[in-house]
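The structure appears below as structure tokens.
The values are calculated or read from the model by the stated rules, or taken from the named source; none is laboratory data. Since this is a predicted model, take the numbers as computed values, not measurements. Backbone-built Cβ (ideal geometry, glycine too); neighbour counts: all protein chains shown. Just so you know, the surface numbers come from the protein's heavy atoms only, side chains and all, with ligands and any DNA or RNA stripped out. Shrake-Rupley method; radii C 1.70, N 1.55, O 1.52, S 1.80 Å.
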Amino acid sequence: RVALTLPPAPPPGPHGSAACRRPRADEDTRPTPTILVTAHPRATESVVQGLAAGGDDYVTKPVAQQELLARVRAMLRIGELQDRLNVLNAELERKVQRRTEALRQIYATVPSGLYTLDARGKVTSINHQLQRMLGYEPSELVGKKGVGSLFGEDYDPLYWLDLCRREGRTAVEVAARRKDGETLYVFDERVVNLDQLGEHVGFTGYMQDMSQRRRVRGILKEQETQASVGRLAAGIVHEVANPLSGVAQYLDAVLKRLDAGETIPPDETRRGASVMRDALQRVGDLIANLRGFTRSAVLPGTMVDLREVLMDLRTLMRHS
């Protein structure tokens, strides 16, 4: 449809600009292209007012039929293109709304704490999981607190914000601060948000509770320590058993010869005693070394020969 606005006969009737406003005032006729027909041969003030009031084009009198039809067809083509553009815009808006809702659902239900910051590090949003994790209501943080309020006293927010700006991403295991004052160890990963021009506009952070993982890590470490102690104990038993076994075998042999009434020469007795003394000395040295490694007292600093320390350690561990 095309509305042709003819200049009213003076004196009654609305002014041309007022007539152009009429289709724009009604929602049903607002999309209708309007052509202003004027007696003025050029764009005088009245024509400018008519176009400003909502006219889309104008023709001057006397009106040539072919020109008028051409302008009407042009307006119809423009109207058709505008209708198609409106349909595309509506479809695009629906897609944006669906995607926005999908992202909102992900942000709300993802099983990890999420938060966003502005370019200065102020909290702009937190998801439900982070709310549960730290015990804060969004109204207590959003727009009021900086990122430092989420973490412990040892956390330097300016350093990490600056590092994230320079690197584009940061990741750290750090102590978070719950509202009730309890410390919670979390893994925090953060990325920089950029606009379409590549300008930095804020940050998006991902926070995961590491408490359970730390407990598992502690259990595994304890088990590993126990296994290491077991291996060390086995090595020590081996080191002690060998010389004591030699001593016991020698003494058994001596006792059997004495029970049989045999006389053992002094030289042989001296050599046997020397072997037993060396064996027992090995056991004594092993015990002394072990006692030094397990001593928990803080000793004053002194110069030591690292080679001797390593040799002692080798004695303890060579059978592990």
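Tell me, please, whether a residue that is in contact with a helix residue (DSSP H, G or I) (Cβ under 8 Å, 6 or more places away or on another chain) and surrounded by 10 or more Cβ atoms within 10 Å (Cβ to Cβ) can be found in the stretch 71-79.
Taking the stretch 71-79 and keeping what is in contact with a helix residue (DSSP H, G or I) (Cβ under 8 Å, 6 or more places away or on another chain), we get none.
So far as the stretch 71-79 goes, no, none of its residues is in contact with a helix residue (DSSP H, G or I) (Cβ under 8 Å, 6 or more places away or on another chain) and surrounded by 10 or more Cβ atoms within 10 Å (Cβ to Cβ).
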Evaluation of ASP195 against (1) among the charged types (D, E, K, R); (2) modelled with pLDDT under 80; (3) under 30 Å from LEU103 (Cβ atoms) (one fails), failing number: (2)
Residues within the stretch 200-229 that are surrounded by fewer than 11 Cβ atoms within 10 Å (Cβ to Cβ) and more than 20 Å from SER112 (Cα to Cα), tallied: 11
Residue among GLY55, GLY113, GLY79 that alone is under 30 Å from LEU161 (Cβ atoms), modelled with pLDDT of 75 or more and under 60 Å from the mean Cα position of the chain (by Cα): GLY113
Residue under evaluation CYS20, criteria (1) open to solvent by less than 80 Å² (accessible area, probe 1.4 Å); (2) assigned to a helix (DSSP H, G or I); (3) at pLDDT 75 or above; (4) not small (Gly, Ala, Ser), criterion not met: (3)
Those residues of the stretch 38-69 which are within 21 Å of PRO23 (Cβ to Cβ), in a helix (DSSP H, G or I) and open to solvent by 50 Å² or more (accessible area, probe 1.4 Å), in sequence order: VAL48, GLN49, LEU51, ALA52, LEU69
Identity of the residue in the stretch 166-189, part of a loop (DSSP other than H, G, I, E, B) and touching a strand residue (DSSP E or B) at 6+ places or on another chain (Cβ under 7 Å), that ends up nearest to ARG213 (Cα to Cα): ARG178
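Report yes if some residue within the stretch 96-110 is in contact (Cβ under 8 Å) with a residue 24 or more places away in the chain and either open to solvent by less than 80 Å² (accessible area, probe 1.4 Å) or not in a helix (DSSP H, G or I) (or both); otherwise report no. Walk me through it before giving the result.
First, the residues of the stretch 96-110 that are in contact (Cβ under 8 Å) with a residue 24 or more places away in the chain: none.
Checking the stretch 96-110: not a single residue is in contact (Cβ under 8 Å) with a residue 24 or more places away in the chain and either open to solvent by less than 80 Å² (accessible area, probe 1.4 Å) or not in a helix (DSSP H, G or I) (or both).
Out of GLY113, GLY135, GLY146, I need the residue that is within 21 Å of TYR159 (Cα to Cα) and not aromatic (Phe, Trp, Tyr). Which one? Explain how you work it out, then say what you get.
On the way: GLY113 fails: within 21 Å of TYR159 (Cα to Cα); GLY135 fails: within 21 Å of TYR159 (Cα to Cα).
Just one listed residue meets the conditions, GLY146.
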Answer residue from the stretch 158-189, given it is open to solvent by less than 40 Å² (accessible area, probe 1.4 Å), without any contact (Cβ under 8 Å) to a residue 40 or more places away in the chain and not polar (S, T, N, Q) and is nearest to TYR206 (Cα to Cα) among those: ASP188
Hey, ASP267 of a type in the set (Asp, Glu) and either part of a strand (DSSP E or B) or over 20 Å from MET133 (Cα atoms) (or both) or not: yes
Scope the stretch 242-264; condition assigned to a helix (DSSP H, G or I) and acidic (Asp, Glu); matching residues: ASP252, ASP259
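When the stretch 248-257 is examined, which residues are found to be more than 21 Å from VAL283 (Cα to Cα) and modelled with pLDDT under 85? Working first, answer last.
Step one: of the stretch 248-257, the residues more than 21 Å from VAL283 (Cα to Cα) are 253-257.
Listed by number, the residues that qualify are ALA253, VAL254, ARG257.
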Scope the stretch 237-273; condition under 60 Å from the mean Cα position of the chain (by Cα) and not small (Gly, Ala, Ser); matching residues: VAL237, HIS238, GLU239, VAL240, ASN242, PRO243
Residue that is nearest to LYS179 (Cα to Cα) [pool: residues in the stretch 113-157 that are hydrophobic (A, V, I, L, M, F, W, C) and surrounded by fewer than 20 Cβ atoms within 10 Å (Cβ to Cβ)]: VAL142
